[in-house]
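Have a look at the structure below before the remarks.
A short reminder: the numbers here are calculations on the coordinates, not readings from a lab. All values derive from a computational prediction rather than experimental measurement. With ideal geometry, Cβ positions are generated from the backbone for all residues, glycine too; neighbour counts draw on all protein chains shown.
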């Protein structure tokens, strides 16, 4: 006689057959489930096949639209670039290259313009345009208690050499004074020229100018009142590096200007080179903006 197991020792799966399996009765007539199937571990790592493609979307079109028009629209759509970002990148690159080329051309022109101006500063300082004029104009420089500085004295010595040649009946000395000075640059120049033979009655003083522009504007007004000529001619005496700018400013204020630089300037060597380079930059800008604007900005 066979004994049965207690309820707590029976298989918990008893009486529940697997799906698709028929339960076999045991010897006592109870249903016993077959042993569970072992899963192959490869099945968990198996690559799933992609889902089948969706059928194309069917769009009901208006039968009134001719087939030729639809075909043309398809061709236009197919010819379009599906990557607008690439097109924008190509356009940006093209514009960038063009801007770079324009910038390089402008830089080359600016450098060329500067060096042409520098050559003009140098060549004007080495030339002498002495000729008959309404007045000789001496550009001012520093003075020390009524005595011209070496730089101003070199300019005045050149005027003393020009005077006997009879280029003009008048000499205009220019330049105001700094705070604390007892004499103006023009007053120091007048006394120096009288000592060297220039008649006192032939010397006019422009005492108010603090810059080249101020001095030459005063000269233009003075000569117009003295000679009645709205566009008086002048022979400007100054240092070589300063000659071109003085002439251009004189022309800007309404004078017909020529230059006769001193050949005994005390500004030589590295100082002269520095002044030439600086003057070239100022003149290059002043020709574009006007020297009055440039003087207002830099002073």
Where the Cα pairs of the stretch 132-173 fall when distances are cut into 10 Å bins, in % | 29, 51, 19, 1
Arrange 133, 111 by Cβ neighbour counts within 10 Å, fewest through most, would you?
-> 111, 133
Length added when fully stretched, residue 149-residue 264, from 0.36 nm per residue minus Cα-Cα = 40.1 nm
Give me the Debye-computed log₁₀ of I(q)/I(0) at q = 0.08, 0.17, 0.18 Å⁻¹ for the stretch 130-298, equal point scatterers on Cα only, no solvent, two decimals.
-> -0.21, -1.03, -1.16
So for the stretch 130-298: antiparallel DSSP bridges make up what percent, rounded to the nearest 5?
-> 10
Quotient of C-alpha Rg and 2.2 N^0.38 Å, computed over the stretch 214-299 = 1.16
The rounded separation in angstrom of the Cα centers of the stretch 204-236 and the stretch 112-173 is 15
In whole Å, largest first, the alpha carbons of the stretch 68-222 cover along the principal axes 104, 38, 28
Under a plain spin-label model, where a point goes 7 Å from the Cα along Cα-to-Cβ, how far apart in nm are residue 114 and residue 251?
-> 2.3
Expressed in nanometres to one decimal, the distance between label points 7 Å along Cα→Cβ at residue 97 and residue 277 is 3.7
